[in-house]
Amino acid sequence: NTKNISAIRAFRIVSTHPKQILSFSIFERSDIMSELTIRNIQWFPGHMTKTRRMIAANLSLVDAVVEILDARIPMSSRNPDMNSMVNNKPRLFILNKADMADPKMTDKWIAYFKKQGIAAIAMDCKSGKGVKNFKGAIEQLLSELLERRKNAGMIGTPIRLMIVGIPNVGKSSFINRMAQSKRAKVEDRPGVTRTKQWVKIGSNMELLDMPGVLWPKFDDQEVAKRLAFTGAINDDVVDIEMLAMLLLEYLAKNYPDTLETRYKMTEFNEMGGIELLETMGRKRGMLISGGEVNIERAAITLIDEYRSGRLGRMTLESPEDIDNG
Ligand code: G4P
């Protein structure tokens, strides 16, 4: 299967500027077995420049920035420019979707961020677990400011927070949880302008729901791979079979018990992605005529079972991955 041996990676960058339709592709050959093929990711650098400008312009209005991350991929779900944009503002990371992440790894990430001087809390905005810890975490983060305000008699001044995150990380779910209401979700679409919104939380907090889109770091192969595992990169642009092989390679190394219990796989230590996928498909009886494994069906099943949480709680990157470059 030459596709696996020599994958071609392609990104298409499309500018939305009406008069300057820029479209180009970067094709990069790789002879490494496990490269993910990503076709025509459409992201919009012009749109992000606008978002970045808007964030900069509104920073002075808030006391802190709350950045929502995906607990399964806390690093890959960050916007690469956030550090420089946020500058010296106090920051809180929410490791959202913690219900799907490995709890031990979530603790490890929280400790890692703490060492970097950034407060972080785990949350599950789907069920609401962990949401009640938010207020306390913010009060701790802003304790000096709150003390100063108290001493100055500014009791009624609300804490103002900017909420940011890449698409689909759970910003709307978080704000809805905090506001204890179901606000209509306003999609950010290139070319459609929506205005910023302040959402009042009780009598002493206001959340700034920023419009615009902050993209993750698509152009880093490792990051793109992890985003694709979680579904943050649309399946239409990725090679689902390759994605499944890569996920199986990761699971074989980091969560071997899952493969043993869920798919009854044994002795897979030496197997590469294709063999892992074939074995998994065979164990599930996904055969086509001639006894061959239906690779596509096996791949779709694996990805679907992973994303729906049926493989258990797993984290796809660890702080060591960063320290090891
Ligand atoms: P966004 O505003 O940042 O784009 O994200 P949004 O809140 O729309 O959430 C994106 C998807 O992630 C939604 O699923 C939402 O339910 C889910 N989600 C948000 N927080 C959590 C969490 O902590 N745990 C889990 N398991 N899921 C979470 P969806 O399939 O798009 O919609 P739906 O299932 O809610 O209908």
How far apart, in nm, are two points set 7 Å out from the Cα along the Cα-to-Cβ line at E147 and at D107? 3.0 nm
Keeping all protein chains in the complex and leaving out DNA, RNA and ligands, what accessible area do you get for W198 with a 1.4 Å probe, in Å² to the nearest 10? 90 Å²
Apply the Karplus parameterisation 6.51 cos²θ - 1.76 cosθ + 1.60, with θ equal to phi minus 60°, to every residue of the range 147-152 and state each ³J(HN,Hα) to the nearest whole Hz, in sequence, with x for glycine and proline. 5, 4, 4, 4, 5, 8
Relative to the Cα centre, what is the charge dipole magnitude of the range 149-289, using +1 at the beta carbon of each Lys and Arg, -1 at the beta carbon of each Asp and Glu, and rounding to the nearest 20 debye? 1320 debye
Alpha-carbon centroids, the range 82-122 and the range 243-285: separation in whole Å: 30 Å
Check K129: other-chain or 5+ apart residues with amide H under 5 Å from its amide H, H built from backbone geometry? D124
Starting from the Cα-Cα distance between N133 and T49, subtract it from 0.36 nm times their residue separation and give me the gain in nm to one decimal. 26.9 nm
Computed FRET value (nearest 0.05) for N88 with K264, which takes r as the C-beta separation and R₀ as 41 Å: 0.15
Full-extension gain between S60 and I155, please, as 0.36 nm times their residue separation minus the C-alpha to C-alpha distance. 32.2 nm
Enumerate the lysines that K50 could reach by cross-link, defined here as Cα to Cα under 16 Å, with residues fewer than 8 away along the same chain left out. K196
Straight-line reach check, K108, cutoff 15 Å on alpha carbons, 8 or more apart in-chain or any other chain, hits among aspartates and glutamates -> D70, E317, E320, D321, D323
Please list, in chain and number order, the residues 5+ apart from I159 or on another chain whose amide H is under 5 Å from its amide H, with Hs placed from the backbone. M205, E206
About the Cα centre of the range 204-257, what is the dipole size in debye to 20, counting +1 per Lys and Arg Cβ and -1 per Asp and Glu Cβ, all else neutral? 160 debye
Ordering K115, K50, K89, K200 by the accessible surface of their heavy atoms, 1.4 Å probe, largest first, yields K115, K200, K50, K89
Based on the Cβ-Cβ distance from E275 to D236, what FRET efficiency comes out when R0 is 25 Å, to the nearest 0.05? 0.40
Long-range amide H partners of I233, meaning residues 5 or more apart or on another chain whose placed amide H is closer than 5 Å, are A228
Relative contact order (percent) for the range 215-283, with alpha-carbon contacts under 8 angstrom and 6 or more residues of separation? 25 percent
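The values are calculated or read from the model by the stated rules, or taken from the named source; none is laboratory data. Note that this is a predicted model, so its numbers are computed, not measured. Cβ coordinates were reconstructed from backbone atoms using ideal geometry, including for glycine residues, and neighbour counts include every protein chain displayed. Note: areas computed on protein heavy atoms with side chains; ligands, DNA, RNA excluded. Shrake-Rupley method; radii C 1.70, N 1.55, O 1.52, S 1.80 Å.
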